[in-house]
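Trainee: Okay, here's the structure, questions in a sec.
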Amino acid sequence: TMLPDHDVPAWLNQQQAERPNSELKTLLGEIFTKKMANLIAEHWFVSKPMKQYTHAELAEIAEKLASWQVVPAGTEGYRTAEVTLGGIDTREVSSKTMESLKSPGLYFVGEVLDVSGHLGGFNFQWAWASAYAAAHYV
């Protein structure tokens, strides 16, 4: 699913209570990329302030978001491949040693971790810096 770590109905209800004047696609832009949030809005609902949605509408949107399966249509190959998001949650790793908080003695560095940045060498710098931190500790 697209949001395996989210209780989507609870999140939508919380947003409606705490941010009633915010548009749903704006809020979805905090979870997805803005482009993805706009595409979701175009296909699944009319974006309006949260206070204007009924509970039934929010439940329907939550069901669509929670059960949506994304199947890639293809690839452009390695020539244009880039890492975007995903990997091991950094909250599960010591920032000083890169050691797993769940499995002591296991270390994670570089692109295996959920860290992203601008193009232009960021991933190399992150790989070197995180490896340096782990190596210093080990």
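Trainee: With the alpha-carbon atoms as the only input, what is the per residue convex hull volume for the chain in Å³? Can you show the working numbers first?
Mentor: Details: hull volume 20.5 nm³, N = 138.
Measuring per residue, one finds 149 Å³ for the Cα hull of the chain.
Trainee: Grab the other residues whose beta carbon is less than 14 angstrom from that of Gln52, score K and R as +1, D and E as -1, and report the net. Display every interim value, and only then the final one.
Mentor: Details: positive: Arg19, Lys25, Lys48, Lys51; negative: Glu23, Glu57.
Summing Lys/Arg as +1 and Asp/Glu as -1 gives +2.
Trainee: While we're on this one: Please report the relative contact order for the stretch 8-67, taking Cα pairs under 8 Å with a sequence separation of at least 6, and give it as a percent rounded to a whole number. Walk me through the numbers before you get to the answer.
Mentor: Details: 50 pairs, mean separation 27.8, N = 60.
The value is 46 percent.
Trainee: First check a/c for the stretch 34-100, with a ≥ b ≥ c the square roots of the eigenvalues of its C-alpha gyration tensor; if it is under 1.5, answer rounded, and if not, answer prolate when a/b is larger than b/c or oblate otherwise. Don't skip to the answer; put the middle values down first.
Mentor: On the way: a/c = 2.86, a/b = 1.52, b/c = 1.88.
It is oblate, given that a/c is not under 1.5 and a/b is not larger than b/c.
Trainee: Hey, another quick one. Which angle from 0 to 90°, rounded to the nearest 10, does the C-alpha axis of helix 34-44 make with the longest principal axis of the chain?
Mentor: The angle comes out near 40 degrees.
Trainee: Could you work out how far helix 8-18 tilts from the main Cα principal axis of the chain, as a 0 to 90 degree angle to the nearest 10?
Mentor: 70
Trainee: Is the stretch 8-67 best put as rounded, prolate or oblate by its Cα gyration tensor, with a ≥ b ≥ c the root eigenvalues, rounded for a/c under 1.5, and otherwise prolate when a/b is larger than b/c, oblate when not? Working shown, then result.
Mentor: On the way: a/c = 1.45, a/b = 1.20, b/c = 1.20.
Judged from the Cα gyration tensor, the stretch 8-67 comes out rounded (a/c under 1.5).
Trainee: For the stretch 1-102, which GluC sites (Glu not before Pro) are both in a DSSP coil and crowded by at most 14 other Cβ atoms within 10 Å? Numbers along the way, then the final one.
Mentor: Values: sites: Glu18, Glu23, Glu30, Glu42, Glu57, Glu60, Glu63, Glu76, Glu82, Glu92, Glu99; in loops: Glu30, Glu76, Glu82.
For GluC sites (Glu not before Pro) across the stretch 1-102 that sit outside H, G, I, E and B with at most 14 neighbouring Cβ atoms in 10 Å, the list reads Glu30, Glu76, Glu82.
Trainee: Another question about this same structure. Report, in cubic angstrom per residue, the convex hull volume of the C-alpha atoms of the stretch 82-137. Don't jump to the answer; show the numbers that get you there.
Mentor: Values: hull volume 3.8 nm³, N = 56.
Dividing the Cα hull volume of the stretch 82-137 by its residue count gives 67 Å³.
Trainee: So which trypsin sites (Lys or Arg not before Pro) in the stretch 1-104 end up in coil per DSSP with only 14 or fewer other C-beta atoms within 10 Å? Mind dumping the intermediate values first?
Mentor: Numbers: sites: Lys25, Lys34, Lys35, Lys51, Lys64, Arg79, Arg91, Lys96, Lys102; in loops: Lys96, Lys102.
Hits after loop and neighbour filter: Lys96, Lys102.
Trainee: Under 26 Å Cα-Cα from Lys34, which lysines qualify once same-chain neighbours fewer than 8 residues away are excluded?
Mentor: The qualifying lysines are Lys25, Lys48, Lys51, Lys64.
Readers should treat all values here as calculations from the given coordinates under stated rules, not as data from a laboratory. What you are looking at is a predicted structure, and each value in this text was computed from that prediction instead of being measured. Note that each Cβ is placed from the backbone with ideal geometry, even for glycine, and that neighbours are counted across all protein chains shown.
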